[in-house]
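This report refers to the structure that appears directly beneath it.
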Amino acid sequence: MTETAHLRARAEIDLAALRANVRTLRAHAPGAALMAVVKSDAYGHGAVRCARAATEAGATWLGTATPEEALALRAAGLDGRIMCWLWTPGGPWRQAVEAGLDVSVSAMWALREVVEAARDAGAAARVQLKADTGLGRNGCQPADWPELVAEALRAERAGLVRITGLWSHFACADEPGHPSIEAQLTRFREMVAYAEERGATPEVRHIANSPATLTLPESHFDLVRTGIAVYGISPSPEIGTPADFGLRPVMTLSASLAQVKHVPGGHGVSYGHHYVTPGETTLGLVPVGYADGIPRHASGTGPVLVGGKWRTVAGRVAMDQFVVDLGGDEPPAGAEAVLFGPGDRGEPTAEDWAQAAGTIAYEIVTRIGTRVPRVHTGEGPSS
């Protein structure tokens, strides 16, 4: 039994595996710097510890969605390059400038706000201009690019900003051969060339996410942004497992059985009685539910390893618990139920849960809630 066995549930985070994943990803893009994306609390793995482990393994940039996430990393003592890209009007621009963050700008309103913040702070803002090359989310449309570039260069000449990057994001990089990939690359090259011809001198140009890092070397440019792959999950299960890409899943989610009991055949289980025992059996109560991030959509399908055997969620996942039919086996209360992990012990993986819930593995790990403590192992640089 481990020292964490008394916990109701735990998400064990293998930082040695994370560092190994970062080194593997660096090898896939040897000519580019690597950004480890640690948004959404490092995809549910714990942002500060994962950020430190990633930088120990050679990540020279960290990436977050929101400025608040980036500022929290600074407050925790991470002093390297940090980029954040999801801004709304009135955001903490001045704090970002004073913290030396790289901020993404996609529209004139954002450029105006960051310029004003730079004036107030008395320091130049690090700005990365984002081009919408076809994803259709954040980013500047090609028709608006000339105005944004011109105004950013004017602010740079005034000493208010430094254009540190030009960047974009793929829509379908997880589908190799999709026609949008080449179309976006072409548009990105054109928009970068436009900015550079007018005087922009970015430190980094980047468009590659995890799947592009692994499968599209022509997209690597100066920097690759790796998110889910850092945590050992394949960004494109259709073309490769984590092992196929040299990656290892970082999170193992487990719980301690809260009860094991005998029930007769014909006994309804959980809300709605969507599962009825086919005969006399034993039921195990797993004390996690959708409040902990276990997808209710996996009711009746989610896999769990108990006593060396795969079990399936019996009936509905409730807010705090679900049941598995143990088929007459009688593990003691407190026995370990492994929901997912690397698969080394025959346990399900996050991808197995994604398939069971009709979603993607990104969502499975990211949604694990704060009631589940993160237990980090493998602290400190590994050899």
Net dipole in debye of the chain [+1 Lys, Arg Cβ; -1 Asp, Glu Cβ; about Cα centre; nearest 20]: 520 debye
Eigenvalues of the Cα gyration tensor times 5, then square-rooted: what semi-axes does that give for the chain, in whole angstrom, largest first? 45, 20, 19
Please give the contour-minus-distance gain from Ala76 to Glu379: 0.36 nm per residue of separation, less the Cα-Cα distance, rounded to one decimal in nm. 107.4 nm
Area of Trp87 that stays accessible when all protein chains are in place (1.4 Å probe, Å², to 10): 20 Å²
Set Lys and Arg Cβ to +1 and Asp and Glu Cβ to -1, take the dipole of region 205-363 about its Cα centre, and tell me which of Pro211, Gly300, Gly341 lies farthest positive. Gly300
Suppose every Lys and Arg Cβ carries +1 and every Asp and Glu Cβ carries -1, with no other charges. What dipole size does region 51-167 come out with about its Cα centre, to the nearest 20 debye? 160 debye
Under 15 Å between alpha carbons, and skipping anything fewer than 8 positions from Lys39 in its own chain: which aspartates and glutamates qualify? Glu68, Glu69, Asp102, Glu363
Once fully extended, how much extra length lies between His178 and Ala123, figured as 0.36 nm per residue of separation less the alpha-carbon to alpha-carbon distance? 15.5 nm
In nm, to one decimal, how far is the modelled label at Thr241 from the one at Arg157, with both set 7 Å along Cα→Cβ? 5.8 nm
Rank these by accessible area, largest first, 1.4 Å probe: Glu98, Glu12, Glu238. Glu238, Glu98, Glu12
Top positive-direction residue, dipole computed over the chain with Cβ charges, set Ile181, His220, Val127: Val127
Whose amide H sits under 5 Å from the amide H of Arg126, counting only residues 5 or more places off or on another chain, with H placed in the peptide plane? Val103, Arg162
So how exposed is Arg154, as accessible area in Å² (1.4 Å probe, rounded to 10)? 120 Å²
In square angstrom, rounded to the nearest 10, how much accessible surface does Glu116 have for a 1.4 Å probe? 90 Å²
Rounded to the nearest whole Å², what accessible area per residue is found for region 1-93 with the 1.4 Å probe? 39 Å²
Rounded, prolate or oblate: which fits region 177-216, taking a ≥ b ≥ c as square roots of the Cα gyration tensor eigenvalues, rounded meaning a/c under 1.5, else prolate when a/b beats b/c? oblate
Under a Cβ-only charge scheme (Lys and Arg +1, Asp and Glu -1), can you give me the dipole magnitude of region 178-320 about the Cα centre, in debye to the nearest 20? 580 debye
If the chain between Trp310 and Tyr194 were fully extended at 0.36 nm per residue, the gain over the current Cα-Cα distance would be 36.1 nm
Within region 89-126, what residues put their amide N at less than 20 Å from the label point 7 Å along the Cα-to-Cβ vector of Gln141? 89, 105-112
Of the trypsin sites (Lys or Arg not before Pro) in region 271-378, which ones lie in a loop per DSSP and count no more than 13 other C-beta atoms within 10 Å? Arg345, Arg371
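The values are calculated or read from the model by the stated rules, or taken from the named source; none is laboratory data. Small disclaimer: the values here were computed from a predicted structure and weren't measured. Every residue, glycine as well, gets a Cβ built from its backbone with ideal geometry; the counts of neighbours run over all protein chains shown. The accessibility values were calculated without ligands, DNA or RNA, using every heavy atom of the protein model including side chains. Shrake-Rupley method; radii C 1.70, N 1.55, O 1.52, S 1.80 Å.
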